[in-house]
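Let me begin by presenting the structure, written as structure tokens, before commenting on it.
Just so it is clear, none of the values below were taken in a lab; they were calculated from the coordinates. Not measured: the values here are computed from a predicted model. Every residue, glycine among them, receives a Cβ derived from its backbone with ideal geometry; neighbour counts consider all protein chains shown.
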Amino acid sequence: MNTTSHSNTLLNSEIFNFDIEGIVDLVLRTGATTVGLQFPEGFKRRAFSMAIELEERTSASVVISGNPCFGACDVDMALAGEVDILFHFGHSELLEGMDNVIFMETPAKVDVTPVLEEVAVELGSGTIVGLLTTVQHVHKLDEVRAFLETRNISCIVGEGDCRIRHPGQVLGCNFSAADVVCDNYLYIGSGTFHPLGVAVATGRRVLVADPMMNTVEWVDPERILRIRSGIVAKCLDAQTFGIVVSTKVGQNRMELARRVAGLAEKYRKKHVIIMLDTITPEAMLQFKVDAFVNTACPRIAIDDASRFNAPVLTPVEFEIVLGERDWNELVFDEIREGAK
Ligand code: SF4
């Protein structure tokens, strides 16, 4: 995702279910003697106490991943190779074939009902709404649907593609659960990145209900579109491009990077492909190019835009810069998989 995390805005670990009992039980049942723990940034403060408790209750030796973690695309494979079981917190499973990695979804215990009365008023009786949320609240969607239906609001929950574990779930790189026919969307969760992405992708209104902050508001994509338009404008005269690829297992889009390179070639733009693990402004500082085209986590270009030494375009925006695509066709970059 970005240099923060899906869960970074959710700082109070008391309101999330880390399921320590389930973890202890699994470690004892499997006889694991070495256990890895990996947390996104917002949950890392829980790491020390959990490691101590696990060691005391199971006698397993625990190792914590100290690497930054931004999503389920970002499993610490080196640590997974060192331990019997790796528990990865805060995200749902994204990629198969990680046999000793257990994804602990860490659902929020917060009650969503206090925001729903206002939500019903905003959406209006007789409308059809697409329900969206993150993994932390996905277990509450049935409750949301039941409440809204008592207010004569029909709810649709999209399945999403193979990158999506639960119906209605969105990732910062995947809004496929929004591929439904509805009047508006309701997003349950914190932050504006996901609802902005859905608003730009669909052209429909997105109401954000944040059960942590008890707020309800319509998202306004105008500001982010103005910023992106400014970045595209800055790149119109750019001649040299760094095409950025991540080595992270769920972010690697080398094929897309090669397509971007092919386009650069067609328009006689000098370009290189730059491959690295974690893409930060510091890591990119020494590459002297007019602009970057990011094929890694789509959030990097959006969330951290102002911190890089050169403008960071999404592949879609690069096409706009070259004139291959019209500005009206702008959408947020997504990493989509096949249909379920
Ligand atoms: S690539 Fe997707 S899953 Fe990974 S950090 Fe970015 S938004 Fe999250």
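Brief remarks follow.
- Cα gyration tensor category, rounded, prolate or oblate, for region 219-305 with a/c compared to 1.5: oblate
- Global form of the chain, assessed from the alpha-carbon gyration tensor, a/c cut-off 1.5: oblate
- Net charge in the neighbourhood of Thr34 (other residues with Cβ under 13 Å of its Cβ; Lys, Arg +1, Asp, Glu -1) is -3.
- 5 angstrom amide H check on Thr34, placed H, neighbours 5+ away: Ser61, Asp84, Ile85
- Phi angles across region 152-161 convert, under the Karplus curve 6.51 cos²θ - 1.76 cosθ + 1.60 with θ = phi - 60°, into 3J(HN,Hα) values of 6, 10, 7, 10, 10, 10, x, 6, x, 8 Hz, Gly and Pro given as x.
- For region 205-213, Karplus couplings with θ = phi - 60° (6.51, -1.76, 1.60), whole Hz, Gly/Pro x: 7, 10, 9, 9, 10, 9, x, 6, 9
- Coupling constants for region 16-25 follow from the phi torsions by the Karplus curve (6.51 cos²θ - 1.76 cosθ + 1.60, θ = phi - 60°), and in residue order they are 10, 8, 8, 6, 4, 5, x, 5, 4, 4 Hz; glycine and proline get x.
- Cα gyration tensor shape of region 113-220, rounded if a/c is under 1.5, else prolate or oblate by comparing a/b with b/c: rounded
- Alpha carbon centroid spacing (whole Å) that separates region 46-94 from region 261-340: 31
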